[in-house]
Amino acid sequence: MRFNNWVLPWPKKKVETQEQVKDTIDQTKVFAMEKDRRTNQPSMALVVIKGPDSGREFLLAPMTVKIGRRAQSHIQLKDSNVSRDHAVLQYYPKKRTFLLKDLGSTNGTFYNNQRITSTFIAPEAEIGLGESVLKVLALGKENPLEQTGKSHGKK
(Lines give C-alpha, C1' and ligand atoms only; values in the text may rest on other atoms or scores of the structure.)
Protein backbone atom coordinates (compact mmCIF):
# COMPACT_ATOMS: atom_id res chain seq x y z
CA MET A 1 0.00 0.00 0.00
CA ARG A 2 1.30 3.34 -0.98
CA PHE A 3 0.62 6.33 1.23
CA ASN A 4 0.79 8.78 -1.65
CA ASN A 5 -2.27 7.24 -3.29
CA TRP A 6 -4.37 8.31 -0.29
CA VAL A 7 -3.32 11.95 -0.37
CA LEU A 8 -5.56 14.15 -2.45
CA PRO A 9 -3.86 16.73 -4.59
CA TRP A 10 -4.81 20.26 -3.46
CA PRO A 11 -5.33 22.88 -6.15
CA LYS A 12 -2.79 25.63 -6.25
CA LYS A 13 -3.91 28.94 -4.84
CA LYS A 14 -4.59 31.71 -7.32
CA VAL A 15 -2.50 34.79 -6.92
CA GLU A 16 -4.75 37.85 -7.02
CA THR A 17 -3.60 41.06 -8.55
CA GLN A 18 -3.84 44.34 -6.64
CA GLU A 19 -6.64 45.50 -8.97
CA GLN A 20 -8.75 42.45 -8.11
CA VAL A 21 -8.20 43.04 -4.38
CA LYS A 22 -9.15 46.72 -4.76
CA ASP A 23 -12.37 45.80 -6.63
CA THR A 24 -13.30 43.41 -3.83
CA ILE A 25 -12.74 46.07 -1.15
CA ASP A 26 -14.84 48.60 -3.08
CA GLN A 27 -17.73 46.12 -3.19
CA THR A 28 -17.62 45.42 0.56
CA LYS A 29 -20.63 46.74 2.42
CA VAL A 30 -20.56 47.64 6.08
CA PHE A 31 -23.68 47.10 8.17
CA ALA A 32 -24.04 48.73 11.56
CA MET A 33 -26.69 47.87 14.09
CA GLU A 34 -28.06 50.59 16.28
CA LYS A 35 -29.37 49.60 19.66
CA ASP A 36 -32.79 50.80 20.60
CA ARG A 37 -31.89 53.41 23.21
CA ARG A 38 -35.42 53.57 24.58
CA THR A 39 -35.32 50.04 26.01
CA ASN A 40 -32.55 50.86 28.51
CA GLN A 41 -34.47 53.63 30.22
CA PRO A 42 -37.30 53.11 32.69
CA SER A 43 -40.68 53.83 31.12
CA MET A 44 -42.79 53.22 34.22
CA ALA A 45 -42.62 53.70 37.96
CA LEU A 46 -44.54 52.41 40.98
CA VAL A 47 -45.53 54.65 43.90
CA VAL A 48 -46.82 53.13 47.14
CA ILE A 49 -50.00 55.09 47.91
CA LYS A 50 -51.27 52.93 50.80
CA GLY A 51 -49.57 50.72 53.38
CA PRO A 52 -46.48 50.75 55.62
CA ASP A 53 -44.23 51.86 52.72
CA SER A 54 -46.50 54.75 51.71
CA GLY A 55 -44.65 57.38 49.68
CA ARG A 56 -41.86 55.10 48.41
CA GLU A 57 -41.19 55.19 44.67
CA PHE A 58 -39.68 52.51 42.44
CA LEU A 59 -38.45 52.95 38.85
CA LEU A 60 -39.22 49.92 36.69
CA ALA A 61 -36.15 49.11 34.63
CA PRO A 62 -36.77 46.95 31.53
CA MET A 63 -36.10 43.64 33.28
CA THR A 64 -37.83 41.10 35.50
CA VAL A 65 -38.67 42.75 38.84
CA LYS A 66 -39.50 40.67 41.94
CA ILE A 67 -41.86 42.05 44.58
CA GLY A 68 -42.07 40.74 48.15
CA ARG A 69 -40.86 40.96 51.76
CA ARG A 70 -37.63 39.08 51.07
CA ALA A 71 -34.41 41.16 51.15
CA GLN A 72 -33.47 39.84 47.69
CA SER A 73 -36.63 41.31 46.14
CA HIS A 74 -36.15 44.25 43.78
CA ILE A 75 -39.16 45.91 45.42
CA GLN A 76 -39.07 45.01 49.11
CA LEU A 77 -42.21 45.88 51.06
CA LYS A 78 -42.50 45.91 54.87
CA ASP A 79 -46.18 44.90 54.79
CA SER A 80 -46.68 41.74 56.91
CA ASN A 81 -49.54 40.64 54.60
CA VAL A 82 -47.19 40.54 51.60
CA SER A 83 -45.58 37.15 50.95
CA ARG A 84 -41.81 36.77 50.90
CA ASP A 85 -42.07 36.12 47.13
CA HIS A 86 -45.40 37.72 46.33
CA ALA A 87 -45.38 38.77 42.66
CA VAL A 88 -43.13 39.43 39.67
CA LEU A 89 -43.19 41.98 36.85
CA GLN A 90 -41.78 40.54 33.60
CA TYR A 91 -40.77 43.05 30.93
CA TYR A 92 -41.94 42.46 27.34
CA PRO A 93 -39.83 44.62 24.99
CA LYS A 94 -42.12 44.22 21.96
CA LYS A 95 -45.11 45.54 23.92
CA ARG A 96 -42.93 47.87 26.04
CA THR A 97 -44.85 46.96 29.15
CA PHE A 98 -44.76 44.57 32.09
CA LEU A 99 -46.71 41.41 32.82
CA LEU A 100 -47.72 41.23 36.49
CA LYS A 101 -47.79 37.63 37.81
CA ASP A 102 -48.87 36.41 41.23
CA LEU A 103 -46.38 33.86 42.62
CA GLY A 104 -48.96 31.84 44.57
CA SER A 105 -49.17 34.37 47.39
CA THR A 106 -51.47 33.68 50.34
CA ASN A 107 -53.41 36.95 50.15
CA GLY A 108 -53.36 37.27 46.36
CA THR A 109 -52.43 40.03 43.94
CA PHE A 110 -55.01 42.57 42.82
CA TYR A 111 -55.05 44.75 39.71
CA ASN A 112 -57.61 47.58 39.83
CA ASN A 113 -59.38 45.78 42.72
CA GLN A 114 -59.70 42.46 40.85
CA ARG A 115 -57.74 39.39 41.90
CA ILE A 116 -55.44 38.20 39.12
CA THR A 117 -52.96 35.44 38.35
CA SER A 118 -51.34 37.46 35.54
CA THR A 119 -52.10 40.60 33.53
CA PHE A 120 -50.32 43.35 31.60
CA ILE A 121 -50.09 46.60 33.54
CA ALA A 122 -50.94 50.07 32.26
CA PRO A 123 -50.31 53.60 33.58
CA GLU A 124 -52.72 54.92 36.22
CA ALA A 125 -53.63 51.38 37.35
CA GLU A 126 -53.38 50.21 40.95
CA ILE A 127 -51.70 47.03 42.16
CA GLY A 128 -52.81 45.61 45.51
CA LEU A 129 -50.45 43.42 47.53
CA GLY A 130 -51.51 42.60 51.09
CA GLU A 131 -52.42 45.94 52.78
CA SER A 132 -50.31 47.91 50.26
CA VAL A 133 -51.49 49.62 47.08
CA LEU A 134 -49.02 50.65 44.36
CA LYS A 135 -49.93 53.13 41.62
CA VAL A 136 -48.43 52.63 38.13
CA LEU A 137 -47.06 55.83 36.57
CA ALA A 138 -45.82 56.41 33.02
CA LEU A 139 -42.47 58.20 32.69
CA GLY A 140 -41.22 60.44 29.91
CA LYS A 141 -44.64 61.63 28.77
CA GLU A 142 -45.69 65.21 29.24
CA ASN A 143 -48.83 66.01 31.15
CA PRO A 144 -51.57 66.79 28.58
CA LEU A 145 -52.68 69.82 30.64
CA GLU A 146 -49.17 71.31 30.54
CA GLN A 147 -48.96 70.65 26.81
CA THR A 148 -52.07 72.71 25.97
CA GLY A 149 -51.43 75.35 28.61
CA LYS A 150 -54.83 74.75 30.26
CA SER A 151 -55.42 73.95 33.90
CA HIS A 152 -58.51 72.96 35.86
CA GLY A 153 -60.13 75.48 38.20
CA LYS A 154 -58.60 78.61 36.64
CA LYS A 155 -60.19 80.79 34.01
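Would you kindly find the accessible area of LEU100, with a 1.4 Å probe and non-protein molecules such as ligands, DNA and RNA excluded, rounding to the nearest 10 Å²?
For LEU100, the solvent-accessible surface is approximately 0 Å².
How charged is the neighbourhood of ASP102? Take every other residue with its Cβ under 12 Å from the Cβ of ASP102, and add Lys/Arg as +1 and Asp/Glu as -1. Provide the component values of the computation, followed by the final result.
Numbers: positive: LYS101, ARG115; negative: ASP85.
In short, +1.
Provide the net charge surrounding THR119, with neighbours chosen by a C-beta distance below 13 Å and charges set as Lys +1, Arg +1, Asp -1, Glu -1. The partial results should precede the final answer.
On the way: positive: LYS95, LYS101, ARG115; negative: ASP102, GLU126.
The answer is +1.
Could you tell me the calculated FRET efficiency between ASN112 and HIS74, based on Cβ-Cβ distance and R0 = 30 angstrom, to the nearest 0.05?
Details: r = 22 Å, r/R0 = 0.74.
It comes to 0.85.
How large is the Kirkwood hydrodynamic radius of segment 44-95, in angstrom, based on all distinct alpha carbon pairs? Present the calculation step by step, with values, prior to reporting the outcome.
Details: mean 1/r = 0.0864 Å⁻¹.
This gives a value of 11.6 Å.
In square angstrom, what is the accessible area per residue of segment 37-136 with a 1.4 angstrom probe? Walk me through the numbers before you get to the answer.
Working: 5690 Å² over 100 residues.
Averaged over the residues of segment 37-136, the accessible area is 57 Å².
Subtracting the Cα-Cα distance from 0.36 nm times the residue separation, let me have the gained length for ALA138 to ILE49 in nm, one decimal. Mind dumping the intermediate values first?
Values: separation 89, 0.36 × 89 = 32.04 nm, distance 1.55 nm.
Length difference between fully extended and current span is 30.5 nm.
Where does the charge balance sit around GLU131 when Lys and Arg score +1, Asp and Glu -1, over other residues with C-beta under 13 Å from its C-beta?
Values: positive: LYS50, ARG69, LYS78; negative: ASP53, ASP79.
Around GLU131, the surrounding residues sum to +1.
The values are calculated or read from the model by the stated rules, or taken from the named source; none is laboratory data. It should be emphasised that the depicted structure is a prediction, and the values quoted were computed from it without experimental measurement. Neighbour counts run over all protein chains shown; Cβ positions are idealised from the backbone, glycine included. In case anyone asks, the SASA skips ligands and DNA or RNA and just uses the protein heavy atoms, side chains included. Shrake-Rupley method; radii C 1.70, N 1.55, O 1.52, S 1.80 Å.
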